[in-house]
Amino acid sequence: MSGGVDSSVAAALLQRAGHDVVGVFMRLGSPGESLDGMRPGDGEAATACAAPGGSGVPLRIGHQGCCSINDAADARLVAAKLGIPFYVVNFKKDFGRIIDYFVGEYNAGRTPNPCVRCNDWLKFGKLHDYAAQIDADFVASGHYAQVLPAPEGGRMLCRGVDHDKDQSYVLFGAPRERLDRMLLPIGGMRKPAVRALAAELGLPVFDKPDSQEICFVPDNDYAGLVARHSPDAVRPGTIVDLSGRILGEHPGHQHFTVGQRKGVRVAMGEPVYVVRKDAAANTVTVGPREALLAAGCTAGDANWLTEPTWDWTPCTAKIRYNAASVAAEMRAVAGEGGAGAPGAARVPDIEVRFAEPQPAVAPGQALVCYDGERVRCGGWLR
């Protein structure tokens, strides 16, 4: 339970369906906040937090965003309204891994997606381990996606009914074997219906705005966060054109991402975009929009939710969260790395070729391939 309307309605729907529901808030350690002493299994603290007006532990209020102290208070109020137990699990140490990943990717010249990693490593990773500790049969969330029976047996991950809010893209990394233990109660609903049901149920978060920012970058200053965590890595470099001619200087390649137009601050007599970054040389290459177009791409560290296909197979592909899916073909190719014990078969990478060239295919972002509404596979753009 994140304290938002989606997970609150998900909990209410599960309760209405007859499930024995336990609310869990993941404490990640947002900037300027502390919530010490709350750990998995802290029954007294959880009871105090769930009781209306209960103080639980001392709180220091910081920014209001995803997984903040204020969100924890909202989740507590909803749990009290529903009459369900409410626990706060302290994942702050584990969350440090996501921040390290974020900083490392930017320093390597890539554009990371920490929300996908949070789902992979925490919400449908470590949280499943916690669920096993309390003998829970399922882990549920308020994502706009669906887990449905697959034609070949088992379960499959599919888009949410509300395509404007669909979050199947950020769930592609959920292990295939854990789909049987995932519940996504609002995946068959549209957002207005979710808010209407929350109001009908008297949930205090029915009109709470959706969180927009990355929770550990509330000011959206990604490069500033990278500089604070790795001050020696962010340093001035050159901006060059496609021929290598120096056009100007930048304060650090971490300030830019492939496809960016605003803030480039060089004059070429036409609109210019960031075409690529070279972290080793600390250069940013700019050029016209047509230089951004890519006929295809490859993705590694892949997660296959269907059996890999080694022949070109029609699909739709999505190269970033806020992009539309586009017509493409995909196939499995020999992996350069990824999961598996030493000596075990490598997980295949994904190769995609687009029906029409696509702009701003940024290394480090996620590629997700669909068969209709079903997620086939996903990986990280190389």
* To do: Mind sorting Y101, Y273 by how few other Cβ atoms lie within 10 Å of their own Cβ, fewest first?
  => Y101, Y273
* Along the charge dipole of the chain, Cβ charges K/R +1 and D/E -1, which of L148, F206, N322 sits furthest on the positive end? -> N322
* Using the Cβ atoms and a cut-off under 13 Å, what net charge is assigned to the surroundings of R155, where Lys and Arg are +1 and Asp and Glu are -1? -> +1
* **Estimated vicinal HN-Hα couplings, Hz - segment 13-21 in sequence order (Karplus 6.51, -1.76, 1.60; Gly, Pro = x)** => 5, 5, 5, 4, 7, x, 6, 8, 9
* Cross-link pairs beyond the 28 Å C-alpha cut-off, checked among K126/K165; K81/K208; K123/K208; K92/K318; K81/K165; K123/K318 -> K92/K318
* For L201, what is the net charge nearby, where nearby means another residue's Cβ is under 12 Å from its Cβ and Lys, Arg count +1, Asp, Glu -1? -> +2
* Asked: Looking at T257, V286, P271, which one has the Cα that reaches farthest to the positive end of the dipole of segment 235-291 (charges on Cβ: Lys, Arg +1; Asp, Glu -1)?
  -> T257
* Asked: Which distance in nm do the two modelled labels at K126 and D164 give, with both placed 7 Å along the Cα-to-Cβ direction?
  -> 3.5 nm
* **segment 83-130 - Rg and Dmax from Cα coordinates, angstrom** => 13.3, 48
* To do: Calculate, in nm to one decimal, what D207 and A323 gain on full extension: separation in residues at 0.36 nm each, minus their alpha carbon distance.
  => 39.1 nm
* Estimated 222 nm signal from helices in the chain, with DSSP H stretches of n ≥ 4 weighted -39500 (n - 2.57), rounded to 500 -> -6000 deg cm²/dmol
* **Under the Debye formula (equal points on every Cα, no solvent term), log10 I(q)/I(0) of segment 247-332 at q = 0.17, 0.19 Å⁻¹** => -0.85, -0.95
* Viscosity 0.692 mPa s, 37 °C: Kirkwood-radius Stokes-Einstein D of segment 293-381 over Cα pairs, µm²/s -> 254 µm²/s
* Placed amide H near L247: partners under 5 Å, 5+ positions off or other chain -> I239, V240, D241
* Structure fact -> One quarter of the C-alpha convex hull surface, i.e. the mean projected area of segment 235-291 in nm², amounts to 3.4 nm²
* Could you work out how far the C-alpha centroid of segment 181-230 sits from that of segment 96-126, in angstrom? => 18 Å
* When the dipole is taken about the Cα centre of segment 66-165, and only Lys, Arg (+1) and Asp, Glu (-1) are charged at their Cβ, what size is it in debye, to the nearest 20? -> 180 debye
* Charge sum, other residues only, whose C-beta stays under 14 Å from F172's C-beta, Lys/Arg counted +1 and Asp/Glu -1 -> +4
* To do: Let me know the charge dipole size of the chain about its Cα centre in debye, to the nearest 20, where only the beta-carbon of Lys, Arg (+1) and Asp, Glu (-1) is charged.
  => 400 debye
* Asked: Per-residue HN-Hα couplings for segment 127-134, Karplus 6.51 cos²θ - 1.76 cosθ + 1.60 at θ = phi - 60°, whole Hz, x for Gly and Pro?
  -> 5, 5, 5, 5, 4, 5, 5, 9
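Bear in mind these aren't lab numbers, they're just calculated from the coordinates by the rules spelled out. This one's a predicted model, so the numbers in the text were calculated from it and none came from an experiment. Cβ sites come from the backbone with ideal geometry, for glycine too, and all protein chains shown count toward neighbours.
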